[in-house]
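The block underneath contains the structure these notes are about, expressed in structure tokens.
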Amino acid sequence: MILPTIVRTAEEAIRAVPDAYREVSFALGSTRWQTVTSVVLPSARPGIVTGVMLAVGRAIGETAAVIFTAGSSLRLPGTLLDPTRTLPVHFYILAREGISLENAYSTAAVLILLILAINIAAHTIMNRLARKET
């Protein structure tokens, strides 16, 4: 589910590396493989890491795909193979069926704070990696 987002952001991050970096590496006698591993990927790393973090944040918020893969269970899972209930599904059930609006609001707040924390972490990591490269 998150693979297309990761692939697309990684592709864009690699394309964003200036051609001058590649040309200088080739001019110094590096092979294509050395150029990719020593110049292109380290320069593209902040964009790739950010793409992975944002894709994970997006996957946490997706509901429909997770319902069909993980299921929706009332009990806590005992193993990794047991069905479970995600926060978006839990929020939907609480709000839609009117079981407990207080718990629905609490679930929504936790979900929003979790996604906000992931986005802030991705931004912070991107900035730190970008500073290391320059």
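The values are calculated or read from the model by the stated rules, or taken from the named source; none is laboratory data. Since the model is a prediction, treat every value here as computed from it, not as a measurement. Every residue, glycine as well, gets a Cβ built from its backbone with ideal geometry; the counts of neighbours run over all protein chains shown.
Determine, yes or no, whether PRO42 is modelled with pLDDT of 85 or more, touching an Asp or Glu at 6+ places or on another chain (Cβ under 9 Å) and over 17 Å from HIS123 (Cα atoms).
Yes, satisfied.
Buried (at least 18 other Cβ atoms within 10 Å of the Cβ), among the hydroxyl-bearing types (Ser, Thr, Tyr) and closer than 24 Å to LEU116 by Cβ: does that describe THR9?
For THR9, the condition - buried (at least 18 other Cβ atoms within 10 Å of the Cβ), among the hydroxyl-bearing types (Ser, Thr, Tyr) and closer than 24 Å to LEU116 by Cβ - is met.
Pairs only if they're at least six apart or on different chains, beta carbon under 9 angstrom, first in segment 1-18 and basic (Lys, Arg), second surrounded by 12 or more Cβ atoms within 10 Å (Cβ to Cβ); list them, first residue then second.
Every condition considered, the pairs that remain are ARG8/GLY51; ARG15/ALA44.
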